[in-house]
1. Do we find a residue being touching an Asp or Glu at 6+ places or on another chain (Cβ under 6 Å), open to solvent by 10 Å² or more (accessible area, probe 1.4 Å) and in contact (Cβ under 8 Å) with a residue 12 or more places away in the chain anywhere in the stretch 78-91?
2. Quick check on the stretch 13-70: of everything there that is of a type in the set (Val, Ile, Thr) and loosely packed, with under 13 Cβ neighbours inside 10 Å, which residue is modelled with the lowest pLDDT?
3. Take residues that are surrounded by 17 or more Cβ atoms within 10 Å (Cβ to Cβ) and tell me which of the strands (runs of 3 or more DSSP E) falling wholly in the stretch 149-254 contain 3 or more.
4. Regarding residue 114, is this residue in contact with a Ser or Thr (Cβ under 9 Å, 6 or more places away or on another chain), surrounded by 11 or more Cβ atoms within 10 Å (Cβ to Cβ) and at pLDDT below 90?
5. Could you tell me which numbered condition residue 176 fails, if it satisfies all but one of (1) touching a residue at least 24 places away in the same chain (Cβ under 8 Å); (2) over 16 Å from residue 240 (Cα atoms)?
6. Test each condition in (1) farther than 26 Å from residue 147 by Cβ; (2) of a type in the set (Gly, Ala, Ser); (3) modelled with pLDDT of 95 or more; (4) under 17 Å from the mean Cα position of the chain (by Cα) for residue 87 and report the one that comes out false.
Amino acid sequence: MLMLRRCLFAYIIIALLALLASYLTDRAANRPVTGDSWTTARRDSAHLLADPASIKDSALVAVLAAKTYGWRGHFAVHTWLVYKRRGETHYTRYDVIGWRSSDLIRKDYTIADGYWYGARPHILVEHRGEAAEAMIPRLNAAVHSYPYPHTYHAWPGPNSNTFIAHLGRQVPQLELNMPANAIGKDYRSLTDPIGRPPSGKGIQLSLLGLLGVNLGEQEGIEFNLLGMNLGINVSPLQIRLPFIGNLPADHHDP
C-alpha cells in the first residue's frame, strides 16, 4: 500500500510539472489563450501539406494535431484526418466537432492544414503513393463506423481524439502514434473495455478513458489515470507525458 501511494504521488507530481511546462510553452509561443475571440482566431493554412494540385498523380493520407482553443490547450490537442486520392486536386478533411450540430462528424469543416483557432498544427503521420491510396477506402469505412457520431464530451470522451483513435484501430497501416495529451484517445465504453490501442497494434485496457493501460507498437507502455497519460516508448524512443505529449515530438512537418 505504501508503494502504491508513493507511485500515485509521483504520478501527480509529474502531471503537475508537465502542466506547468505546457503553460510556460504556450506563453513563450504567444499562443492565444484568453482575450482572443474564437471568431477572429487564426484559421489560415499553416502550409504543412503540399499543394494538392502539385501532387495530383499521388494519393496522400495524413493525421494532424493542434492545441485546443483557449485554456483547454494547456491540457490537450485536437486531431483530424486529411486525405487525397490519386487524380484529385483537393484535400478531404474529417473532424469530430462538438458544437453547432447533432451530427458531430464534419467533412471539410475548414482548411486541411489550417491553424486551429490560433494554434499551429503539426503532422502526426503522413503517407503517400500506393500505400495511401489503399488506405483511403478503409478510412472512409472507419469514418462511417465511428460508434459515437452524436455524443461528445471534452473529458474523458468520446471526442475528436476518440474519433481519430477509432480510425487508427480500424486501419493499423496508418501507423498512428497519438500523443499522450490527445485526451479522449483511450475512451472505451464499459461494455468494451479491452481491445486494440489507437495504433491498431497491441492491446488496451481502458475504463471510460479514466483508468487503463496501453501496450502497443506505437504507444510502448502507457498508463492512463483520469486522462493523464504517462509512459515510455522504445521505437521510437519517447517519453509520453500528460498535457505535453510525446518527447521528443513525433512530428512529420516539412
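The values are calculated or read from the model by the stated rules, or taken from the named source; none is laboratory data. These numbers come from a predicted model, not from an experiment. When we count neighbours, we look across all protein chains shown, and the Cβ atoms used for this are built from the backbone with ideal geometry, even at glycine. To get the accessible areas, we keep the full protein, side chains included, count just its heavy atoms, and leave off ligands, DNA and RNA. Shrake-Rupley method; radii C 1.70, N 1.55, O 1.52, S 1.80 Å.
1. Within the stretch 78-91, the subset touching an Asp or Glu at 6+ places or on another chain (Cβ under 6 Å) is 80, 86.
Next, from what is left, pick out any that are open to solvent by 10 Å² or more (accessible area, probe 1.4 Å): 86.
Right, trim to in contact (Cβ under 8 Å) with a residue 12 or more places away in the chain and you get 86.
Within the stretch 78-91 (the criterion being touching an Asp or Glu at 6+ places or on another chain (Cβ under 6 Å), open to solvent by 10 Å² or more (accessible area, probe 1.4 Å) and in contact (Cβ under 8 Å) with a residue 12 or more places away in the chain), the answer is yes, since at least one residue qualifies.
2. Filtering the stretch 13-70 for residues of a type in the set (Val, Ile, Thr) gives 13-14, 25, 33-34, 39-40, 55, 61, 63, 68.
If we keep only those that are loosely packed, with under 13 Cβ neighbours inside 10 Å as well, we get 13, 34, 39-40.
On the way: 13: 92, 34: 49, 39: 76, 40: 80.
Looking at residues that are of a type in the set (Val, Ile, Thr) and loosely packed, with under 13 Cβ neighbours inside 10 Å, I get 34.
3. On the way: elements: 202-207, 211-216, 220-225, 228-233, 238-241, 245-247.
Those strands (runs of 3 or more DSSP E) span 202-207, 211-216, 220-225, 228-233, 238-241.
4. On the way: in contact with a Ser or Thr (Cβ under 9 Å, 6 or more places away or on another chain): yes; surrounded by 11 or more Cβ atoms within 10 Å (Cβ to Cβ): yes; at pLDDT below 90: no.
Criteria not met by residue 114.
5. Result: residue 176 passes all but (2).
6. Among (1) farther than 26 Å from residue 147 by Cβ; (2) of a type in the set (Gly, Ala, Ser); (3) modelled with pLDDT of 95 or more; (4) under 17 Å from the mean Cα position of the chain (by Cα), residue 87 violates only (4).
Okay, residues lined up against (1) within 28 Å of residue 147 (Cα to Cα); (2) within 16 Å of the chain's Cα centre (by Cα):
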residue: 20; (1), (2): no, no
residue: 47; (1), (2): no, no
residue: 94; (1), (2): yes, yes
residue: 97; (1), (2): yes, yes
residue: 108; (1), (2): yes, no
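Listed here are the residues, each with its yes/no results for (1) modelled with pLDDT under 95; (2) of a type in the set (A, V, I, L, M); (3) in contact with a Pro (Cβ under 9 Å, 6 or more places away or on another chain).
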| residue | (1), (2), (3) |
| --- | --- |
| 165 | no, yes, yes |
| 169 | no, no, yes |
| 180 | no, yes, yes |
| 194 | no, yes, no |
| 223 | no, no, no |
| 230 | no, yes, yes |
